[in-house]
1. How many percent of DSSP beta bridges within region 6-444 run antiparallel, rounded to 5?
2. Neighbouring Cβ atoms within 10 Å as the yardstick, rank 295, 107 fewest first.
3. Among 433-442, 237-246, what's the highest-first ranking by average C-beta atoms within 10 angstrom per residue?
4. Pairs 111/337; 120/177; 122/403; 111/413; 111/171; 361/403: which exceed 28 Å Cα-Cα?
5. Would you mind ranking 231, 158 so that the residue whose beta carbon has the fewest other beta carbons within 10 Å leads the list?
6. Expressed as a fraction of 2.2 N^0.38 Å, the rule-of-thumb size for a compact globular protein of N residues, what is the C-alpha radius of gyration of region 138-274?
7. Which value, in Å³ per residue, describes the convex hull spanned by the Cα atoms of the chain?
8. Got a sec? How would 379, 367 order by Cβ neighbour count within 10 Å, fewest to most?
Amino acid sequence: MALPHSILIVGGGVFGLSTALSLSKRHPTSQITLIESSPTIPNPYGSSVDASRIVRADYTHAAYAKLAAAAVQCWRSTEWGQEGRYTENGLLFVCPNNASSAEQYVRMCYKNVMRMEDEKEKVQDLPTRADVEKVLSRYGAETNNNIIRGYVNWGSGWSDAEAGVRFARKKLEDTGKVVFKTGNVERILFLGELGQRDVDSSRPLCEVKGVLLSDGTIINAGLTILATGAWTPQLVDLRGIAQATGQVITYIRITDDEQQRLKDMPTILNFATGVAFMPPRNNLFKVSRSSYGYRNPKQLSIPAANVDSREVMEISIPEVGLQVPPEGQGACRKALKELFPWLADRPFHNTRICWYTDTRKGDFLITHHPDHPNLFLATGGSGHGYKFLPVLGDKIVDAIEGKLEPELQELWKWPNLIENEQRIEFDGTDDGGRSGRKGMILARL
Ligand SMILES: Cc1cc2nc3c(=O)[nH]c(=O)nc-3n(C[C@H](O)[C@H](O)[C@H](O)COP(=O)(O)OP(=O)(O)OC[C@H]3O[C@@H](n4cnc5c(N)ncnc54)[C@H](O)[C@@H]3O)c2cc1C
């Protein structure tokens with residue numbers, strides 16, 4: 001399908017870089033620009049950048065499991081995974097006995113991964129507490145009475161998420177087909193306040209013609225792609241559809257001996273608490289939690305074609321450089337006490353809030369905007385988008401071209417919300433794998 005000649009991608013994280021890679025391959029004569037507000041890509045404050053991100057094909061939904069398995073293959077057997085960007089150390093899911101939804105989630109993952117010829121031989125069922133203990137004890141981890149079963153997929157791993165992003169950028173630079181710019185997009189530019197009216201709906205259609213930067217520069221584009229992660233709801237009204245939630249990451253310094261002992265451990269993931277223990281790197285042991293997260297509500301003008309509008313909205317916005325509040329630190333410490341009691345009293349070397357772009361069910365939002373021709377959204381990572389870096393761009397470009405497979409199209413479409421749902425943010429993502437309390441507000445913790 002022919003795309004407009006000039007294409008602007010806003011955002012240099014996983015979604016933006018992957019899209020740019022695919023566009024530069026499939027539309028090499030297009031004029032592709034990628035603009036990022038951070039002076040560097042990798043952006044140290046973006047969601048795509050961290051010491052490690054889990055790479056797994058273990059998903060409850062078969063469509064994600066299939067796409068993730070394709071991504072795992074790339075990390076495992078292509079240049080994507082080389083030079084330390086991917087380590088296949090396994091992923092151990094543990095199930096506590098009082099968490100039926102977590103157990104169900106893990107069972108579904110297990111079922112899906114066992115259907116895959118390339119993956120199933122690497123999967124080891126751990127039907128009893130003693131079986132889980134056998135694996136954990138190799139790394140000096142304990143198995144509390146609460147844990148009743150689990151499984152380990154030795155074919156899952158983790159990626160150095162700064163190196164992965166740097167590699168994607170380098171690959172793009174090597175194509176010579178993408179112009180990189182640094183600048184903060186202040187707002188989207190529309191062709192006119194009110195365009196033609198959609199014959200089937202009463203909503204006005206306003207065509208997008210590019211973006212306005214904070215320094216007043218205008219960038220015109222025939223197609224604007226927002227891959228702006230947790231910042232996207234500031235540029236388009238996504239209330240009820242996607243929102244920024246703060247998630248917990250903590251790091252503990254360990255000794256050389258401990259590094260040696262833990263370096264080959266599988267990542268340990270407990271969906272009942274959302275806490276993950278990652279294999280340590282450079283003497284830092286990472287403990288993170290995926291939960292309903294913290295909202296950080298602020299009043300902002302509603303982004304709209306009518307720039308004179310004074311209407312305001314309350315949305316959660318990401319704030320970078322924040323430490324984890326005591327609530328999150330306490331959750332990580334509690335989880336440490338259960339599995340690694342010998343580390344539980346050590347001070348945190350560092351803590352960080354990292355921002356998810358959460359959708360209601362954890363599905364990505366990869367779709368044309370229904371009201372604004374020439375505006376495309378590639379976001380909604382919902383805490384699981386990194387692993388797809390090598391394969392996601394092709395799906396995004398399929399969606400732009402209108403040829404995405406129906407199952408993914410259905411999952412990633414602009415949702416039909418009832419009117420009042422559109423006006424407020426939801427209280428937490430229900431993807432079956434979240435823990436903790438709903439409705440936590442960062443400023444009140
Ligand atoms: C704590 C945590 C743990 C995670 N764990 C995993 C995991 O184990 N496995 C996994 O697969 N995934 C994981 N994820 C999810 C994954 O990292 C994200 O889904 C993915 O990185 C999102 O990429 P993105 O491109 O949407 O966002 P980002 O990486 O945040 O990129 C968006 C970019 O847009 C730029 N931008 C925003 N607004 C503007 C603007 N107005 N003008 C110009 N530029 C702008 C930002 O500076 C940013 O660099 C995790 C995420 C977090 C936060």
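No lab work stands behind these numbers, since they all come straight from the coordinates. As the structure is a computational prediction, the values presented were derived from the model and not from experiment. All Cβ positions, even for glycine, are placed from backbone atoms using ideal geometry, and neighbour counts span all protein chains on display.
1. Antiparallel bridges make up about 70 percent of those DSSP assigns within region 6-444.
2. 107, 295
3. 237-246, 433-442
4. Details: 111/337 31 Å; 120/177 39 Å; 122/403 33 Å; 111/413 26 Å; 111/171 36 Å; 361/403 23 Å.
Over 28 Å Cα-Cα: 111/337; 120/177; 122/403; 111/171.
5. Numbers: 231 21, 158 28.
Ranking 231, 158 by Cβ neighbours within 10 Å, fewest first, gives 231, 158.
6. On the way: Rg = 23.6 Å, N = 137, 2.2 N^0.38 = 14.3 Å.
Ratio of Rg to 2.2 N^0.38 Å for region 138-274: 1.65.
7. So the per-residue hull volume is 142 Å³.
8. Least to most surrounded, the residues fall as 367, 379.
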